[in-house]
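One structure is given below, encoded as C-alpha cells.
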Amino acid sequence: MAPLEVAGPQDISFFDNILYKDHFVQTKAGACFVRPSFAALAPAGTVALVTDTPYKAFALTAQKLFPVAAPAGQVHPGAFVHPTAQLGAGVDVGPGAVIEERAQIGEDTVVGPQVVIGAGVVLGKQCHIGAHASISHSLIGDHVRIYPGARIGQDGFGFAIDPSGFVKVPQLGRVVIGNHVEIGANTTIDRGAGPDTTIGDGTWIDNLVQIGHNVKIGRGCVIVAQVGISGSTVIGDYVMLGGQVGIAGHLKIGAGARIAAQSGIMRDVDAKAEMMGYPAMPMKSFLRQVAFLKRLVNKTEGKTS
C-alpha cells in the first residue's frame, strides 16, 4: 500500500482526487483503485481497479493486508484490577493500568498501559483504550476506540457565581457513548451536571476536542481537531464540524449541518445548513462578503496608485 508518487510495481495505490491527476498518470504502482471516468488515464504497467469508491476500496484492502492483532486475553502483572471488577473473555490489560471497583469490561477489549478505568464504568466488547487515557462516570458501547490521553467523564465546568466567590455545582450525570465511536488523542468529554453527556453511534471525534457537560451529539457526526462545544448544546445526526469551530452553550445544531473550520457559532443552526465565518453566517453570504471586500480593496488601491 503506497501513495501514487512513491508506489512501485509491487504496490497498490488509489486515485480519488483530481488534484493528484499528474501523480496518477506518472505512477509506477502495480495496481490502483480508480473511478471509471479516470480508468483510461492509467499508465502502462498499472492495473486499473475500477470502483466508484477508490479510497474506501483502498482502506478495506489495507485492513485485510494489515489486520489489527487480536487481544491475547492477558492482564499484565503490573496492572491493578479491583476484585469486584468484571473482565470479559479475551480482555487485555496493559502495564500500570488501574481498573477500579465494579467496573465492567466487555470481551476482547484492550486496555492500554497506564489507563485508569473508574469505579462503575461499563465498557462494551471489542473496545480499544489507548495509553494514559482515563475514563470515569461512563457507559460505553461496543467497538469504541479511545486514543491515548483522552479524558472521559471528568467534572464539567459548572459553578454558580456569588459575590463572595464561585460555588462549585456537583456534576451528577454521566457520559454515555454509543457503538462504533472514535475519540481522538487528548480529547476531553465532561460528564453531565444532571442529565448525561451523550455521543451517538458511529460518531468520530478527532484529537484535542473539548465537549462540555450535558452536550448531546447525534449519530454519524464528524468533529475535527480543536473544536470546542459548550455545555448543553444539542447536535443532530450527521453534523460535520471543521477544525477549531467554537459553539456557544445551549444551542441546537440541526441534522446534517456543515460548519466550516474556525467558525464561531452563536445561534441555532438549521438542519443541512452550511455555515462559515465568525460570527458564523450562511456560507454563500460569507463568500459573497469576502468577494465584495476584495473588489472594494482592489478598487481603492487602484484609485490611490
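The values are calculated or read from the model by the stated rules, or taken from the named source; none is laboratory data. None of these values were measured; they are calculated from a predicted model. Note that each Cβ is placed from the backbone with ideal geometry, even for glycine, and that neighbours are counted across all protein chains shown.
Numerical summary
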quantity: Options Ala7, Ala48, Ala70: the member that is part of a loop (DSSP other than H, G, I, E, B) and buried (at least 18 other Cβ atoms within 10 Å of the Cβ); calculated: Ala7
quantity: Residue within the range 194-209 that is modelled with pLDDT of 95 or more, assigned to a strand (DSSP E or B) and more than 16 Å from Gln154 (Cα to Cα) present; calculated: yes
quantity: Whichever residue in the range 179-195 is in contact with a strand residue (DSSP E or B) (Cβ under 6 Å, 6 or more places away or on another chain) and surrounded by fewer than 21 Cβ atoms within 10 Å (Cβ to Cβ) and, among such residues, is farthest from Gly124 (Cα to Cα); calculated: Thr188
quantity: Some residue of the range 51-60 being assigned to a loop (DSSP other than H, G, I, E, B), charged (D, E, K, R) and surrounded by 18 or more Cβ atoms within 10 Å (Cβ to Cβ); calculated: no
quantity: Residue list for the range 228-275, restricted to those being under 24 Å from Arg174 (Cα atoms), touching a Ser or Thr at 6+ places or on another chain (Cβ under 7 Å) and either hydroxyl-bearing (Ser, Thr, Tyr) or assigned to a loop (DSSP other than H, G, I, E, B) (or both); calculated: Ala248, Gly249, His250, Leu251
quantity: Residue match in the range 164-174 (condition: over 24 Å from Gln126 (Cβ atoms), among the aliphatic types (A, V, I, L, M), surrounded by fewer than 19 Cβ atoms within 10 Å (Cβ to Cβ) and touching a residue at least 12 places away in the same chain (Cβ under 8 Å)); calculated: yes
